[in-house]
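All remarks here apply to the structure that follows.
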């Protein structure tokens with residue numbers, strides 16, 4: 001049986017000496033991760049390689065890097081959230097971007113619940129998985 005698949009491999013590393021983080025990722029044909037900055041802007045991380053498939057042969061994967069400010073939110077999701085028959089996948093991703101921009105400053109469990117309630121089909125044909133990670137905000141000094 002010939003198989004294929006998609007994936008995103010991502011790693012977050014703290015930057016020495018400050019509160020920033022570095023995101024390193026490689027995308028093998030998966031829907032683009034989304035990055036919400038603390039000011040509410042959302043970017044699709046569109047850099048990717050081809051999907052995983054035996055007939056494509058082995059080749060080196062490309063890693064991409066992006067600096068993350070304190071309070072940034074990274075959203076990873078499976079294609080089951082945005083892809084289904086009779087629906088434009090680009091329009092669904094645009095709706096996802098808008099939801100993350102509007103609600104991304106809320107607690108992460110609430111963000112995920114809102115996205116799932118708005119975009120996930122009640123009886124999905126494919127897996128629907130969401131993962132959100134927020135970099136720690138800069139601690140505010142205590143006032144006495």
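Overview of values
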read-out	value
Acute angle (nearest 10 degrees) that the helix 89-103 long axis makes with the longest principal axis of the chain, alpha-carbon atoms	10
Bridge type composition, the chain - antiparallel percent by DSSP, nearest 5	95
In degrees, nearest ten, helix 108-119 long axis to first principal axis of the chain (Cα)	40
Over the chain: helical MRE at 222 nm, DSSP H runs n ≥ 4 each giving -39500 (n - 2.57), nearest 500	-6000 deg cm²/dmol
Shape box of the chain [Cα atoms, principal axes, largest first, Å]	67, 38, 21
The chain, relative contact order [Cα under 8 Å, separation at least 6], %	26
Nitroxide proxy distance, nm - points 7 Å out along Cα→Cβ at residue 117 and residue 138	3.4
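Since every read-out is calculated from the coordinates, none of them should be taken as a lab result. Owing to the predicted nature of the structure, the values given are computational and were not obtained by experimental measurement. Cβ atoms come from the backbone with ideal geometry, glycine included; neighbour counts cover every protein chain shown.
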